[in-house]
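Comments concern the structure below.
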Amino acid sequence: MTEYNDLIFEISQPGRTAFSLPESDVPSVELTTKFPKQLIREEPAELPEVSEPQLMRHYTSLSTKNFGVDNGFYPLGSCTMKYNPKINEDVARYAGFAAIHPFQPIETVQGAFELLYELQEDLQVISGMDAITLQPAAGAQGEWTGLMMMKAYHTKNGHRTSRTKVLVPDSAHGTNPASAHAAGFDVVEIPSNSNGTVDLVELKKQVGEDTAGLMLTNPNTLGIFEKDIVEMAEIVHQAGGLVYYDGANLNAILGQTTPGMMGFDIVHLNLHKSFSTPHGGGGPGSGPVGVKEFLIPYLPVPRIEKQKDQYVLNTDYPDSIGRVKGYYGNFGVNVRAYTYIRTMGPKGLRQVSESAVVHANYLRKKLEPYYATPYTQYSKHEFVLSGSRQKKIGVPTMNIAKRILDFGYYAPTVYFPLIVDEAMMIEPTETETKETLDAFADVLIQIAKEVEETPEVVLNAPHTTSVRRLDEVKAARQLIVKYTK
Amino acid sequence: MDKFRYLPDTEQDQKEMLDALKISSVDELFSDIPAEIRLTEDLPISQAIDESTLTKKMRRLADRNATAHDQTLFLGAGTYDHYIPSVIDHVISRSEFYTAYTPYQAEASQGELQALFEFQTMVCELTGMDAANSSLYDGFTSLGEAANLAVGATKRSKILISKAVHPQGRQVLQTVANGHGYQVEELDLTTDSTDLTLLEEQIDNETAAVIIQYPNFFGSVEDLAAIRELTAAKKALLIVMANPLALALLESPGKLGADIVVGDMQPMGLAMNFGGPHCGYFAVKKKYIRKIPGRIVGQTTDTEGKRGFVLTLQAREQHIRREKATSYMSSNQALNALASSVFMSALGKEGIKKMAQLNIEKADYMAKQLESKGYSLKNEAPFFNEFVVQLNRPIKEINQYLLQKGFIGGYDMEPDYGMENAVLLAVTEQRTKEDIDRFIEALEGMHR
């Protein structure tokens with residue numbers, strides 16, 4: 001069989017189509033009689049012309065060149081690639097959820113609002129907050145939404161112009177500084193100490209009258225629980241700042257503690273991470289944001305509320321930051337998360353964090369003899385290895401990542417967090433079996449041996465994927481971002 | 001241990017793993033969480049329910065909503081009831097696509113990357129632009145990002161946006177602008193289009209960009225060429241938010257001089273989903289390629305010279321550039337971009353034109369029928385598949401009545417535009433002549 005590598009534009013032939021449209025049952029309209037000439041398109045858009053079987057083969061072929069969680073283990077740290085339950089998919093496709101319009105009369109969509117309202121309540125409990133908005137489309141948008149509320153709060157309290165700085169640890173996700181910037185704040189980086197946690201001395205040094213707030217994930221991106229979190233929150237609060245929780249790593253603490261208990265004022269959750277909604281190769285996600293009571297006036301509008309037995313939309317929040325996304329957020333994603341929470345219940349969610357944490361520690365323990373491990377205290381749901389030993393013998397971490405692909409696994413997150421040299425961040429999640437963890441450990445051990453014995457095998461990886469190592473530098477230098485004939 | 005079907009650990013598994021860690025209980029692994037912040041009881045949420053009970057519960061919730069399958073819908077206003085070919089769900093239900101993450105390891109993600117490269121190409125074709133990203137959250141967030149780009153590129157501090165841009169788009173833009181601290185001014189309308197005289201008055205040397213919707217919220221097609229002249233005179237950028245389906249027959253904004261074109265792919269194969277997830281697209285002229293927000297797929301070669309695809313220009317992005325990134329956005333709507341690509345491929349070059357033509361004809365028919373019954377249209381400019389009609393009672397009341405007759409009526413123009421008793425009606429290829437006639441009959445019945 002010949003390998004299929006064409007772009008859909010390359011198999012296109014004039015005259016083919018993969019769809020049939022109804023014949024018009026109303027009088028025809030000559031465009032030139034309706035639109036001025038300059039508004040009528042001169043050259044048609046060159047969309048492909050293929051038959052339905054061609055189309056299905058094209059996309060099926062593409063799917064075979066793609067790796068998802070259903071294909072195998074996906075230990076991508078900080079991304080929480082757990083199994084995506086199938087019932088969630090079925091439910092989200094019910095016409096009563098998929099075929100409803102956001103502007104329908106509110107009494108015709110009470111089921112949808114009931115679901116959203118109950119999801120808000122569940123997420124409130126899980127995060128330890130007093131109110132939730134489901135509007136943000138993804139975690140990063142949740143961050144920005146939270147920071148906009150932080151800004152609105154300081155403005156209301158007369159400190160908008162003086163509280164200009166957001167403190168972000170050097171181990172933070174890149175979205176933290178980026179969303180702080182988009183909310184108009186200056187970013188101050190707080191270094192981590194040798195234990196991989198926030199340096200309290202540095203924090204005290206930086207915090208002051210210009211502090212708007214601190215952004216933090218706990219456990220942090222090294223997979224370490226910031227055990228001084230209560231004190232940190234106090235330090236920031238005493239200085240008049242707010243404390244923001246990046247929920248990317250929430251999976252590790254589901255049912256064990258809550259950001260609310262830890263002293264956080266604002267929280268975002270990544271539903272595609274902790275709540276099993278699939279990420280679709282890069283999205284959609286959903287990034288609900290929770291706040292403590294004193295911040296409720298700043299939440300985006302509209303708010304979904306319950307009056308007697310009716311769900312209503314309330315826009316009457318004069319201090320609201322406004323709207324951050326169209327309609328009510330990524331509803332279809334929220335339906336999936338709701339289904340998951342109902343499937344798991346409180347005990348299931350607690351067991352999620354237990355298994356995720358056991359798995360991470362077990363896998364780290366198995367790998368410690370073979371890779372440098374900069375931090376050795378208990379991991380939460382993920383841990384970071386360093387490829388520094390292998391780098392010294394001439395094999396950088398990226399090559400180890402590519403070699404992992406040869407064994408039918410996805411690679412860990414590499415070169416992040418930035419504070420670890422040659423970082424490899426591994427997150428096994430709770431949905432993997434012990435057998436999978438053992439097999440993956442064996443592969444990483446084998447690769448460590450290959451680095452010493454046959455480094456070229458690793459340096460030339462991957463060998464079994466649909467393409468060999470791709471030239472990223474060339475892609476950026478000789479920029480081709482669309483097909484041209 | 002209780003049994004949960006997504007959690008594979010047996011008691012034996014757990015014991016072996018804890019033994020390997022030389023600890024006796026899972027609790028030990030949580031000992032770094034101070035006792036005063038440990039939960040001692042279960043989260044007070046509902047207990048787990050089995051799948052069959054859950055399915056019933058979810059069906060009950062779904063059944064409480066009136067859907068476009070059992071009601072005849074004339075509601076649009078940014079989200080449209082178009083036909084979704086069967087092939088789309090078959091493609092996006094392939095778990096290799098929907099269970100994948102952002103393609104950080106290109107060699108294991110060629111399917112996704114190629115599909116997004118094809119998506120970018122199709123967006124460029126429709127919009128007449130040089131480059132597109134692989135999608136953003138939705139049309140309104142794309143609009144906000146476009147304004148950010150314009151402010152950054154021109155080093156100016158004011159955005160002019162037409163009031164004929166979707167009210168929610170304007171609201172999102174205002175929030176975005178408040179973040180960055182630039183100014184947004186709204187442009188008043190004639191009746192249904194941007195008032196070009198006012199545009200000429202309001203545009204100045206601090207104007208970074210003018211934002212126009214095409215067709216606009218009233219369904220009317222704005223005179224982009226004339227607007228381009230006014231923006232060019234002040235060296236401001238022209239940002240166009242366009243319905244991609246309309247671009248099958250309307251001249252592309254790129255050809256008419258737009259610098260940035262954004263919009264939502266929802267009309268192209270995406271379920272209405274109660275407003276989300278949809279799929280924002282973002283396209284620019286060559287000059288602005290390096291300022292694009294979000295993920296961009298680029299073509300390259302592998303070590304054997306074979307064509308392949310990678311995420312490119314990543315130095316603009318938050319995970320590399322941190323606070324200096326072009327945008328905070330990390331994820332996109334890749335799966336929905338894929339769905340719209342399948343849609344565009346299924347209809348193809350000719351099908352897409354035919355579908356747009358059907359939309360024009362159906363809307364034209366309905367508008368003419370309404371006019372023949374004595375209703376007046378508010379649109380002065382030509383419209384695509386939506387238009388505003390003046391009725392003689394509050395729209396809320398009319399829609400309540402229509403609902404009993406099996407119709408979901410149009411968008412009430414009063415709250416946003418103060419237009420009393422005016423309704424925005426959308427007519428897609430899904431509506432038959434009979435649907436339209438019955439709707440008008442129902443409307444007439446109410447007045448009688």
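A:Gly281 - would you say it is surrounded by fewer than 24 Cβ atoms within 10 Å (Cβ to Cβ) and at positive phi? So A:Gly281 does not fit the description; no. Of the residues making up the stretch B:34-63, just one is in contact with a Leu (Cβ under 7 Å, 6 or more places away or on another chain) and in a helix (DSSP H, G or I), namely B:Leu61. When each of A:Met232, A:Met261 is tested for being in a helix (DSSP H, G or I) and either without any contact (Cβ under 8 Å) to a residue 12 or more places away in the chain or surrounded by 22 or more Cβ atoms within 10 Å (Cβ to Cβ) (or both), the lone residue that passes is A:Met232.
Per the listing B:Phe4, B:Phe30, the residue uniquely at pLDDT 95 or above and either among the aliphatic types (A, V, I, L, M) or closer than 25 Å to A:Thr343 by Cα (or both) is B:Phe30. Checking B:Phe274, B:Phe309, B:Phe282 one by one, the residue that is of a type in the set (Phe, Trp, Tyr) and out of contact with any Leu (no Cβ under 8 Å at 6 or more places or on another chain) is B:Phe274 and no other. If the condition is being surrounded by fewer than 24 Cβ atoms within 10 Å (Cβ to Cβ), of a type outside the set (S, T, N, Q) and in contact with a Phe, Trp or Tyr (Cβ under 9 Å, 6 or more places away or on another chain), then the stretch A:372-419 contributes A:Tyr375, A:Tyr378, A:Arg389, A:Met398, A:Leu405, A:Phe407, A:Gly408, A:Tyr409, A:Val414. With respect to B:Met122, determine if the residue is in contact (Cβ under 8 Å) with a residue 60 or more places away in the chain, hydrophobic (A, V, I, L, M, F, W, C), in a loop (DSSP other than H, G, I, E, B) and over 25 Å from B:Leu377 (Cβ atoms). No: the conditions fail for B:Met122.
Candidates in the stretch A:81-102 are the residues that are surrounded by fewer than 23 Cβ atoms within 10 Å (Cβ to Cβ) and among the aromatic types (Phe, Trp, Tyr); of these, the one that is farthest from B:Tyr6 (Cα to Cα) is A:Tyr94.
Conditions (1) modelled with pLDDT of 95 or more; (2) facing chain B (nearest Cβ under 10 Å), marked per residue:
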residue: A:Ser192; (1), (2): no, no
residue: A:Val207; (1), (2): yes, no
residue: A:Asp210; (1), (2): yes, no
residue: A:Gly223; (1), (2): yes, no
residue: A:Glu231; (1), (2): yes, yes
residue: A:Val243; (1), (2): yes, no
residue: A:Asp246; (1), (2): yes, no
residue: A:Ile253; (1), (2): yes, yes
residue: A:Thr257; (1), (2): yes, yes
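Of the set (1) in the same structural domain as B:Thr127 (by the TED database); (2) farther than 30 Å from A:Asn270 by Cβ, all apply to B:Thr326 but (2).
The residues listed here are A:Glu23, A:Glu49, A:Glu42; of these, the one that is without any contact (Cβ under 8 Å) to a residue 24 or more places away in the chain, acidic (Asp, Glu) and at the interface with chain B (Cβ under 8 Å from one of its Cβ atoms) is A:Glu42. Consider the stretch A:282-327 and keep the residues that are in a loop (DSSP other than H, G, I, E, B) and more than 14 Å from chain B (Cβ to nearest Cβ). The one that is nearest to B:Tyr411 (Cα to Cα) is A:Pro318. Is it the case that some residue within the stretch B:189-196 is in contact with a strand residue (DSSP E or B) (Cβ under 6 Å, 6 or more places away or on another chain), assigned to a strand (DSSP E or B), of a type in the set (Val, Ile, Thr) and within 12 Å of chain A (Cβ to nearest Cβ)? For the stretch B:189-196, residues in contact with a strand residue (DSSP E or B) (Cβ under 6 Å, 6 or more places away or on another chain), assigned to a strand (DSSP E or B), of a type in the set (Val, Ile, Thr) and within 12 Å of chain A (Cβ to nearest Cβ): absent. Is it true that B:Tyr80 is surrounded by 14 or more Cβ atoms within 10 Å (Cβ to Cβ), of a type in the set (Phe, Trp, Tyr), facing chain A (nearest Cβ under 7 Å) and touching a strand residue (DSSP E or B) at 6+ places or on another chain (Cβ under 8 Å)? In short, no. Could you name every one of the strands (runs of 3 or more DSSP E) located completely within the stretch A:102-201 that has at least 2 residues being touching a Ser or Thr at 6+ places or on another chain (Cβ under 7 Å)? Ranges flagged: A:165-169.
Among residues belonging to the stretch B:347-369 that are within 22 Å of A:Glu42 (Cα to Cα) and among the small types (Gly, Ala, Ser), point out the one that is surrounded by the fewest Cβ atoms within 10 Å (Cβ to Cβ). Among them, the one singled out is B:Gly351. For the stretch A:235-253, the set of residues classified as surrounded by fewer than 22 Cβ atoms within 10 Å (Cβ to Cβ) and in contact (Cβ under 8 Å) with a residue 40 or more places away in the chain consists of A:Gly240 only. When the stretch B:389-439 is limited to residues that are within 10 Å of chain A (Cβ to nearest Cβ), of a type in the set (S, T, N, Q) and assigned to a helix (DSSP H, G or I), the one that is surrounded by the most Cβ atoms within 10 Å (Cβ to Cβ) turns out to be B:Asn399.
Once the stretch A:339-371 is narrowed to residues that are outside any helix (DSSP H, G or I) and in contact (Cβ under 8 Å) with a residue 24 or more places away in the chain, the residue that is surrounded by the fewest Cβ atoms within 10 Å (Cβ to Cβ) is A:Tyr370. Of all the listed residues (A:Val473, A:Val443), the sole one being of a type in the set (A, V, I, L, M, F, W, C), facing another protein chain (nearest Cβ under 9 Å), surrounded by fewer than 20 Cβ atoms within 10 Å (Cβ to Cβ) and within 25 Å of A:Gly394 (Cβ to Cβ) is A:Val473. Within the stretch A:451-466, restricting attention to residues that are assigned to a helix (DSSP H, G or I) and surrounded by fewer than 20 Cβ atoms within 10 Å (Cβ to Cβ), the residue that is nearest to the chain's Cα centre (by Cα) is A:Leu459. Just name the residue that is farthest from the other protein chains (Cβ to nearest Cβ) out of those in the stretch A:76-101 that are in contact (Cβ under 8 Å) with a residue 12 or more places away in the chain and in a helix (DSSP H, G or I). Applying the filter and picking the extreme gives A:Asn88. State all residues of the stretch A:401-420 that are more than 10 Å from every other protein chain (Cβ to nearest Cβ) and either in contact with a helix residue (DSSP H, G or I) (Cβ under 6 Å, 6 or more places away or on another chain) or not aliphatic (A, V, I, L, M) (or both); if no residue qualifies, say none. Residues satisfying the conditions are A:Arg403, A:Phe407, A:Pro417. Scanning the stretch A:1-57 for residues that are under 30 Å from B:Glu380 (Cβ atoms) and part of a helix (DSSP H, G or I) gives A:Leu31, A:Thr32, A:Thr33, A:Lys34, A:Lys37, A:Gln38, A:Leu39. Of all the numbered requirements in (1) at the interface with chain B (Cβ under 7 Å from one of its Cβ atoms); (2) in contact with a helix residue (DSSP H, G or I) (Cβ under 8 Å, 6 or more places away or on another chain); (3) of a type outside the set (Asp, Glu), A:His58 misses one, and that requirement is (1).
The values are calculated or read from the model by the stated rules, or taken from the named source; none is laboratory data. This is a predicted model, so every value here is computed, not measured. We place every Cβ from the backbone using ideal geometry, glycine too, and count neighbours over all the protein chains shown.
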